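Enquirer: Before I ask anything, here is the structure I am working with.
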Amino acid sequence: MSGDSCGGDASAAIRVLLVDDHPMVRRALAEALSDEDDLTVVGECEDGSQAVEAVARLRPDVVFMDVSMVGMDGLAATAALRAARPEARVIVLTGEVPEVRLEAAVAGAHALVPKGTRLGPLLRCLRTVAVGGTSCPYCL
């Protein structure tokens, strides 16, 4: 399942790292993803600097990255982790979709998803991004 502070384990088809400064958001996402047979949450981080280190160590297929965090924000973390590990795929989660769309694309994100998105579309986006697709409505 998932670790509490950038820890983790497992080896399912799609390995996911959750990055959000709100523990309840991480927990809700982890619980939702754990119900899916083809997904494994390999770790959780509370800020962008932790995420950059965790991506190198845990090698997730997809990172769910909150855009607004204290310290290193999600856009800076996305740019840093994509520079360190270009094959990493990043889905940025935000409440400010139109305002950060261009910045997310420039940082190297693969999709920009509003935080209120239902689970079905979120899972479709995750699976699309994981295989390198660009056909979901949230893909950049």
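Just so you know, all these numbers are worked out from the coordinates, no wet-lab data involved. Everything quoted here is computed from the prediction, not taken from an experiment. As a convention, Cβ positions derive from the backbone with ideal geometry for all residues, glycine included, and neighbour counts pool all protein chains shown.
Enquirer: Among G95, G108, G74, whose mean-square fluctuation peaks in a Gaussian network model of the chain (Cα, cutoff 10 Å)?
Expert: G95
Enquirer: In whole angstrom, and with the biggest value first, how far do the Cα coordinates of the stretch 14-130 range along each principal axis?
Expert: 32, 31, 26
Enquirer: Let me ask another. Could you give the length gained on full extension between E31 and A13, defined as 0.36 nm per residue of separation minus the Cα-Cα distance, in nm?
Expert: 4.8 nm
Enquirer: Residue farthest toward the positive end of the dipole of the chain, with Cβ of Lys/Arg at +1 and Asp/Glu at -1: which of A88, S34, V63?
Expert: A88
Enquirer: Okay, moving on. Compare A80, A56, A88 in a GNM of the chain, Cα atoms joined below 10 Å, and give the one with the largest fluctuation.
Expert: Result for the chain, Cα springs under 10 Å: A56 fluctuates most.
Enquirer: Which residue fluctuates the most in the chain, going by a Gaussian network model with Cα springs under 10 Å, if the choices are T128, T94, T117?
Expert: Result for the chain, Cα springs under 10 Å: T117 fluctuates most.
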